[in-house]
1. How much accessible area per residue does region 59-175 have, counting only protein heavy atoms and a probe of 1.4 Å, in square angstrom?
2. Going by accessible area, probe 1.4 Å, with all protein chains left in place, what is the ranking of K21, K85, largest first?
3. If you take every residue apart from K93 with its C-beta less than 12 Å away from the C-beta of K93, what net charge results, scoring Lys and Arg +1 and Asp and Glu -1?
4. Could you pull the accessible area for E94 with a 1.4 Å probe, rounded to 10 Å²?
5. When Cα Rg over 2.2 N^0.38 Å is calculated directly from the model, which label among [x] 1.04; [y] 1.10; [z] 1.46 fits?
6. Please go through region 1-62 and write out the chymotrypsin sites (Phe, Trp or Tyr not before Pro) that DSSP classes as loop and that have at most 16 other C-beta atoms within 10 Å.
7. So if I take the centroid of the Cα atoms in region 130-168 and the same for region 21-100, what is the distance between those two points in Å?
8. Restricting to DSSP H runs of at least four residues, report the calculated mean residue ellipticity at 222 nm for the chain, -39500 (n - 2.57) per run over all residues, nearest 500 deg cm²/dmol.
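The values are calculated or read from the model by the stated rules, or taken from the named source; none is laboratory data. Bear in mind that the values here come from a model prediction, so they are computed numbers and not experimental data. As a convention, Cβ positions derive from the backbone with ideal geometry for all residues, glycine included, and neighbour counts pool all protein chains shown. Accessible surface areas use protein heavy atoms only, side chains included; no ligands, DNA or RNA. Shrake-Rupley method; radii C 1.70, N 1.55, O 1.52, S 1.80 Å.
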Amino acid sequence: MSSEVVMVDEVPFPSQITTSKHLSLLGHGITDIEIHFLQIKFTAIGVYIDPEIVGHLQKWRGKPGNHLAEDDDFFDALIDAPVDKLIRVVVIKEIKGSQYGVQLESAVRDRLAADDKYEEEEEEALEKIVEFFQSKYLKKHSVITYQFSVSPPAAEIVFSTEGKEEAKMKVENKNVVEMIKRW
């Protein structure tokens, strides 16, 4: 196993993470906003995927990264491929958990509504996610992990911050899980 580390805005991301399988760092970036020419960075993100994903992406073999980044079909194939995925979010700018939860809820709800998949079950699943983040304080270096399993199609959300015990929740609504991945 490689012990390389990729730095994303001074946040280290290991090149591999082991869950039930070895997952490789496939992509990384930050979330930010620009206000009056000042860039405010919120989170650093690492996307880890089972290396078996390669078999599901043969159609795009040899294409340059800048073309793939703009290809919606490639993104859909990446999201829909039946392999384990993990998204690791590291907080750069402190934020209340309630604010983060509402942002997540809003983004996921809008995607569900656009696909006509927002029903009572999805609303309940989203309410549980908002509730999960409600009492959390996302201080700098806190980590939120979204682990997506193929079977059963579920997501485990884990929140960890210095000096506190890890908090976990499971999301089992298939539509909500899919839209969290897309978010």
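1. On a per-residue basis, 60 Å².
2. If we order K21, K85 from most to least accessible, we get K21, K85.
3. In short, +1.
4. In the full protein context, E94 sits at about 100 Å².
5. Entry [x].
6. Loop-located and lightly packed - F37.
7. Region 130-168 and region 21-100 have Cα centres spaced 17 Å from each other.
8. -9000 deg cm²/dmol
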